[in-house]
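Undergrad: Dropping the structure in here first, questions after.
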Amino acid sequence: MCGSDLWAYRDTFKRDPRSRLGHEFVGVVEEVGSEVSGSRVGDLVVAPFSYGCGTCWWCLQGLPTSCPDSGTWGARGDDGGQGEALRVPFADANLVVAPGGAAAYDDTGLLNLLALSDVMATGLHGAVMAGVTEGSTVVVVGDGAVGLCAVLGAVEVLGAERVILLSRNPARQAVGRLFGAAEVVAARGEDAKQAVLDLTDGHGAPAVVEAVGSPGAWQTAIDTVCDGGQIGAVGVPHTAPTIATMPLLARNLGVRVGIAPVRRYLPDLLDRVVAGTLAPAPVFDLTLSLEQTPEAYAAMDRREAIKVALAP
Ligand SMILES: [Zn+2]
Ligand SMILES: [Zn+2]
């Protein structure tokens, strides 16, 4: 389950009755089409949350989210991952086979793989867009699964030296620290700004990941980035935040906003999970059965769970 699944649950976003939800999944291949050569029946596969054709100019640029034939699981007209089975178009271009098959992974191992389908790749994408490199100081705004994975991606994949996570929730703070956040700022708004400035000699951080998408989170990102720094924003706005461009100009700020091209990151992230050097599973703090899906929605709606995994 993804935080964005809640929009329909909360009626923020209207969906057709009986439409299928779920854009993040791993699964075992049950049947393949005649032109599929990359996966075989019985393979354990990881899917990126959106798919592309694999052959157009955009897909070849590593930007399948801009592919004219792209789609997102659980969106209008597409099958969803919160079910017993689904059909995957362009399978060879999208699915990545996990070595060893399902038998090679315990429950935690499967959760590590499941996180790659969206949140791990999305968090990493935020850090990449924020310009995080070896030795960076990074602020992460947002302690949802994506923000927490931005911490992990910044530290484990990109080599950031110091990550400051903004979180007021003890359970989420604990995961953030486990993922490598050196400091946690338990504040928001003006207080968060001041705390980050105090931690960074009054400058702010050169790299800030915005992983919420709300106007308040955007303001905090702009308040905590240092002049000449860069914001990588992966929070999906469900309102319409407006950003004044003059302060960005005056302060030489870079702003990159983007939906993660998950498929681009998947092979590397999968290798890291298999090698045991990347373990995003702790973002899932509750696993329920498919029959318990309504409880899963309720738990995430009440913020009792960071992220729920549904198992068949
Ligand atoms: Zn998602
Ligand atoms: Zn394409």
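Undergrad: If I take R0 = 35 Å and measure r between the Cβ atoms of THR12 and ASP227 in this structure, what FRET efficiency does the formula 1/(1 + (r/R0)^6) give, to the nearest 0.05?
TA: FRET efficiency, THR12 to ASP227: 0.50.
Undergrad: Here is a follow-up. If you take the square roots of the eigenvalues of the alpha-carbon gyration tensor of segment 187-248 and sort them as a ≥ b ≥ c, do you get rounded (a/c under 1.5), prolate (a/b over b/c) or oblate?
TA: It is prolate, given that a/c is not under 1.5 and a/b is the larger ratio.
Undergrad: Amide H of VAL209: which non-local residues (sequence gap of 5 or more, or other chain) have their own amide H closer than 5 Å, using H built in the peptide plane?
TA: VAL139, VAL140, VAL141, GLY232
Undergrad: Another question, if that's okay. Using a 1.4 Å probe, how large is the accessible area of ILE243, given in Å² and rounded to the nearest 10?
TA: Around 70 Å² of this residue is reachable by solvent.
Undergrad: With a 1.4 Å probe and all protein chains kept in place, how much accessible area does GLU30 have, in Å² rounded to the nearest 10?
TA: We get 150 Å² for GLU30.
Undergrad: Show the residues, 5+ positions off or on another chain, whose built amide H is closer than 5 Å to the amide H of PHE25.
TA: Residues meeting the amide H criterion: ALA47.
Undergrad: Considering amide H positions built from the backbone, and no H for Pro or chain starts, which residues 5 or more places from ASP43, or on another chain, come under 5 Å of its amide H?
TA: Amide H neighbours of ASP43: VAL29.
Undergrad: Can I ask one more? Would you kindly work out the equivalent ellipsoid of segment 178-312 from its C-alpha gyration tensor and give its semi-axes, the square roots of five times the eigenvalues, largest first in whole Å?
TA: Here the semi-axes work out to 31, 19, 16 Å.
Undergrad: Could you order ASP301, ASP201 so the one with the most accessible surface comes first? Probe is 1.4 Å.
TA: Final ranking, largest accessible area leading: ASP201, ASP301.
Undergrad: What is the sum of charges, Lys and Arg at +1 and Asp and Glu at -1, for the other residues whose Cβ falls under 14 Å from the Cβ of ARG263?
TA: Local charge sum for ARG263: -4.
Undergrad: Could you work out the percent of alpha carbon pairs in the chain separated by over 37 Å, rounded to a whole number?
TA: When every Cα pair of the chain is considered, 13 percent fall beyond 37 Å.
Undergrad: Can you work out the accessible area per residue across the chain, with the rest of the protein chains kept in place, probe 1.4 Å, in square angstrom?
TA: With all protein chains present, the chain gives 47 Å² per residue.
Undergrad: Note down, for segment 120-257, the three equivalent ellipsoid semi-axes (square root of 5 times each alpha carbon gyration tensor eigenvalue), biggest first, whole angstrom.
TA: Taking √(5λ) for each eigenvalue gives 19, 15, 15 Å, largest first.
Undergrad: Using each residue's phi in segment 134-139, evaluate 6.51 cos²θ - 1.76 cosθ + 1.60 at θ = phi - 60° and report the 3J(HN,Hα) Karplus result to the nearest Hz, with x for Gly and Pro.
TA: Values, residue by residue: 3, x, 5, 9, 10, 9 Hz.
Undergrad: How much length is gained on full extension from ALA171 to HIS238, taking 0.36 nm per residue of separation minus their Cα-Cα distance?
TA: Extending this stretch completely gives an extra 21.6 nm.
Undergrad: Here's something else I'd like to know. Among ASN94, ASN252, ASN112, whose mean-square fluctuation peaks in a Gaussian network model of the chain (Cα, cutoff 10 Å)?
TA: Checking each option, the largest mean-square fluctuation is seen for ASN252.
Undergrad: Let me ask another. How many nm is it between the label spots at GLU291 and THR55, if each spot is 7 Å from the Cα in line with the beta carbon?
TA: 4.4 nm
Undergrad: Here's a follow-up. Can you tell me the orientation of helix 215-224 relative to the chain, as the angle in degrees between its alpha-carbon axis and the longest Cα principal axis, to the nearest 10?
TA: 50 degrees
Undergrad: Could you compute the net charge surrounding MET1? Neighbours are other residues with a C-beta less than 10 Å from the C-beta of MET1; K and R count +1, D and E count -1.
TA: Neighbourhood net charge equals -1.
Undergrad: I've got another one for you. Please list TRP7, TRP218 in order of solvent-accessible area, largest first, computed with a 1.4 Å probe with all protein chains present.
TA: Output order, biggest surface exposure first: TRP7, TRP218.
Undergrad: Pop out the carbon and sulfur fraction of the accessible area of segment 120-257 as a percent, whole number, probe 1.4 Å.
TA: Of the solvent-accessible surface of segment 120-257, carbon and sulfur hold 52 percent.
Undergrad: Still on this model: Can you compute 3J(HN,Hα) from phi for each residue in segment 287-296, using the Karplus curve 6.51 cos²θ - 1.76 cosθ + 1.60 with θ = phi - 60°, rounded to whole Hz and x for Gly and Pro?
TA: Karplus-based 3J(HN,Hα) across segment 287-296 equals 10, 10, 7, 4, 5, 8, 3, x, 5, 5 Hz.
Undergrad: Using 1/(1 + (r/R0)^6) with R0 = 35 angstrom and r between the beta carbons of ASP198 and LEU249, what's the FRET efficiency to the nearest 0.05?
TA: Computed FRET efficiency for ASP198 and LEU249 comes out at 0.85.
Undergrad: Given the DSSP H assignment, sum -39500 (n - 2.57) over each helix run of at least 4 residues in the chain and divide by its residue total; what's the result at 222 nm in deg cm²/dmol, nearest 500?
TA: The helix-only estimate for the chain comes to -9000 deg cm²/dmol at 222 nm.
The values are calculated or read from the model by the stated rules, or taken from the named source; none is laboratory data. Bear in mind the structure is a predicted one, so any value in this text is a computation, not a measurement. So basically every Cβ, Gly included, is an ideal-geometry build from the backbone, and we count neighbours across all protein chains shown. Heavy atoms of the whole protein, side chains included, go into the accessibility calculation; ligands, DNA and RNA do not. Shrake-Rupley method; radii C 1.70, N 1.55, O 1.52, S 1.80 Å.
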